[in-house]
Amino acid sequence: MWDLRDITIRSASVSEMDNNVYLLTSKQTGAQVLIDAADDLPAIRRLFADGAADTAAEAKVALVVTTHSHWDHVRALAETVEATGARSAAGAEDVPDIDVPVDLALNHGDPVEVDGITLEAIKLRGHTPGSVALLYRDPDGPAHLFSGDSLFPGGVGNTQKDPARFTSLMNDVEERVFGYLPDDTVVHPGHGKGTTLGAERPHLPEWRERGW
């Protein structure tokens, strides 16, 4: 758990693919934002309950954001939206591939505002056409980037050996992430362990050279 000034960040690993589900809870209002309802609704419900302990207000799941449309990131999306009544959001280009009504189609730079929580959508095109990362700026510490499957420790996301897709994703990651955010930014990926931009920045040339 990350206990920040205004919000807490909790996470759970679900499914056989070690998908990360992230929950942001406003300490002041109790509003909650879920990032990637990947699988296992009971585990997600436990995350909601744990998050509710982070606020004196009544906790309410206000929004579920899907970082991209791949099946392993949406298996519990319909159940979660139905159970919570939350709105849903996803990158605009991925909306047609998500079998749940999407209330908010995100484009690059869009603000994502929930009562007490403000995120910024950063479009990272390549893993899917509409892949989106979510940026939270902590007033008292480093920023937190929820990168989906576009950025991991050790490289960018899978582009199925497609040179055009790889170049697109690499360009966006370099320009819109590493060229935009400082080294202390914490990266929360869609699978596995997190990292920081400072830990990954020295390796950008080798990522581009190897092509994956």
Across the stretch 67-98, what is the total count of residues that are under 19 Å from Met17 (Cβ atoms) and among the acidic types (Asp, Glu)?
4
Scan the stretch 155-175 residue by residue and report those that are free of Cβ contacts under 8 Å to residues at least 12 places away in the same chain and hydrophobic (A, V, I, L, M, F, W, C).
Ala164
Considering the stretch 142-151 alone, what residues qualify as being within 10 Å of the chain's Cα centre (by Cα) and in a loop (DSSP other than H, G, I, E, B)?
Asp149, Ser150
Taking the stretch 49-78 as the search range and keeping residues that are among the polar types (S, T, N, Q) and under 16 Å from the mean Cα position of the chain (by Cα), which one is surrounded by the fewest Cβ atoms within 10 Å (Cβ to Cβ)?
Ser69
Take Val132 and decide whether it is under 30 Å from Asp3 (Cβ atoms), at pLDDT 95 or above and either under 15 Å from the mean Cα position of the chain (by Cα) or buried (at least 16 other Cβ atoms within 10 Å of the Cβ) (or both).
yes
Checking the conditions here, which among Val81, Val14 is among the β-branched types (Val, Ile, Thr) and crowded, with 22+ Cβ neighbours inside 10 Å?
Val14
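Here's the yes/no breakdown for (1) under 29 Å from Asp162 (Cβ atoms); (2) free of Cβ contacts under 8 Å to residues at least 40 places away in the same chain; (3) part of a strand (DSSP E or B); (4) in contact with a Leu (Cβ under 9 Å, 6 or more places away or on another chain):
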site	(1), (2), (3), (4)
Asp99	yes, yes, no, yes
Ala105	yes, yes, yes, no
Gly109	yes, yes, no, no
Ala121	yes, yes, yes, yes
Pro129	yes, yes, no, no
Leu135	yes, no, yes, yes
Asp140	no, no, no, yes
Return a yes/no flag: does the stretch 178-199 have any residue that is in a helix (DSSP H, G or I) and more than 22 Å from Ala121 (Cβ to Cβ).
yes
By residue number, the members of the stretch 84-97 that are assigned to a loop (DSSP other than H, G, I, E, B) and crowded, with 19+ Cβ neighbours inside 10 Å are Ala86
Is it true that some residue in the stretch 169-188 is within 30 Å of Glu16 (Cβ to Cβ), touching an Asp or Glu at 6+ places or on another chain (Cβ under 8 Å) and either modelled with pLDDT of 95 or more or basic (Lys, Arg) (or both)?
yes
Output yes when any residue across the stretch 152-166 is surrounded by 14 or more Cβ atoms within 10 Å (Cβ to Cβ) and assigned to a helix (DSSP H, G or I), and no when none is.
yes
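The values are calculated or read from the model by the stated rules, or taken from the named source; none is laboratory data. The model shown is predicted, which means the values in this text are computed figures rather than measured ones. Counting neighbours? That spans all protein chains shown, and the Cβs are built from the backbone with ideal geometry, glycine included.
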